[in-house]
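Engineer: Here it is, the structure in full.
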Amino acid sequence: MIQSMTGFASKTLALTNATGEKTNLSISLKTLNYRFFETTFKLPYLLSSLETKLIKICKQKLIRGHVYLTVHLSNPNLFRSSVQPALTIIQGYVDAINQIKEQQNIVQAISLDQILQLPNVFVVEESELDQNIEQQILAAIDELIEAVITARKLEGESLLQDLYARLDAMTQEINAIEIAYESSITVHKEKINRVMQEADLPYEALTKYGEVAPATMRQEALYAMLDKMDIHEEIIRFKSHVSDMREQLGSKTTELGKRLDFTLQELGREINTIAAKCSDAMISKRAINAKVEIEKAREQVQNVI
């Protein structure tokens, strides 16, 4: 079953700190198509230590795509420890002020109000994340990942049906090209037979200088034209790639996006060669139709894991 790279899920979790106070944790997880695996996490400082672990979990389960994880705490202060004076910084301020007073002969005393107006005289340290809360958060994110995977599979089913439809259309076009090619080859072979019958030249038709008689030259030109417009091998390879792509879509492998894209590139090369080799109007029209289907399929494959 193929999976899309697009999915979204969200969840709100109620957390309680050591003193019994509660806060809400809102988590949203979104994935979009991307060539590789990429993450953009927006986490509160309290959860920053979990980022490496979360990246590993997402990489293992989501495999490919751009993963956006946003976590918001309704009351971040709930998990902070009490406010403490930055005694080292305050002592530095006092020493600097005393030095200024001594050099400038200032006798005015330092007041508490003045010290409190100075920057960074208090510190608020983040408390360590409680193991129970950490497990709740990881479990909630794991649920979101599973919900996103479910959404990806649902969209993958739609992609699968569309890709099968594209392959059916490609098969129809290549079959029509093969019929038109065989018909065109038959016409050209008949022309060659007529030229050969009209020429009916013996070996003496070649002069002593090795020059070829006009009728013989026309015959060789027609043979050269037949050789140039021979697209039998390209048709066989095109059908083989279509068959290979059907097998890929029916496999149980999860990571198919890049392989499918490479297969479609090969289909594009074969149909371009067919269009370049054969100037038949019907074949050119069918080749363009096949190119359109290939491009539509490539647009869809860009969103497959």
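Each reported figure results from applying straightforward, stated rules to the coordinates on display, with no laboratory input. Quick caveat: nothing in here was measured; it's all calculated off a predicted structure. So basically every Cβ, Gly included, is an ideal-geometry build from the backbone, and we count neighbours across all protein chains shown.
Engineer: Distance in nm between label sites at Ala165 and Lys53, each 7 Å beyond Cα in the beta-carbon direction?
Structural biologist: Output for this residue pair reads 4.5 nm.
Engineer: Now, a different point. At a Förster distance of 25 Å, what's the computed FRET efficiency of Gln172 paired with Met1, Cβ-Cβ distance as r, to 0.05? All intermediate terms of the calculation are to be shown ahead of the outcome.
Structural biologist: Working: r = 26 Å, r/R0 = 1.04.
Working from the Cβ atoms, E equals 0.45.
Engineer: Still on this model: At what distance in nm do the modelled label points of Ser183 and Glu233 sit from each other, each positioned 7 Å from its Cα along Cα→Cβ?
Structural biologist: 2.7 nm
Engineer: Exceeding 18 Å between C-alpha atoms, which entries from my cross-link table qualify? They are Lys56/Lys153; Lys153/Lys239; Lys30/Lys59; Lys30/Lys56; Lys239/Lys291.
Structural biologist: Lys56/Lys153; Lys153/Lys239
Engineer: Taking 0.36 nm per residue of separation and subtracting the Cα-Cα distance, what length does fully extending Glu157 through Ser10 add?
Structural biologist: Extending this stretch completely gives an extra 50.7 nm.
Engineer: At 7 Å along the Cα-to-beta-carbon direction for both Phe262 and Ile97, put a label point, then send me their distance in nm to one decimal.
Structural biologist: Calculated label separation equals 7.1 nm.
Engineer: Enumerate the lysines that Lys191 could reach by cross-link, defined here as Cα to Cα under 21 Å, with residues fewer than 8 away along the same chain left out.
Structural biologist: Cross-link targets: Lys228, Lys277.
Engineer: Quick one: net charge of Tyr181's neighbours, Cβ under 12 Å, K/R +1, D/E -1?
Structural biologist: Within the 12 Å Cβ shell, the charges total -4.
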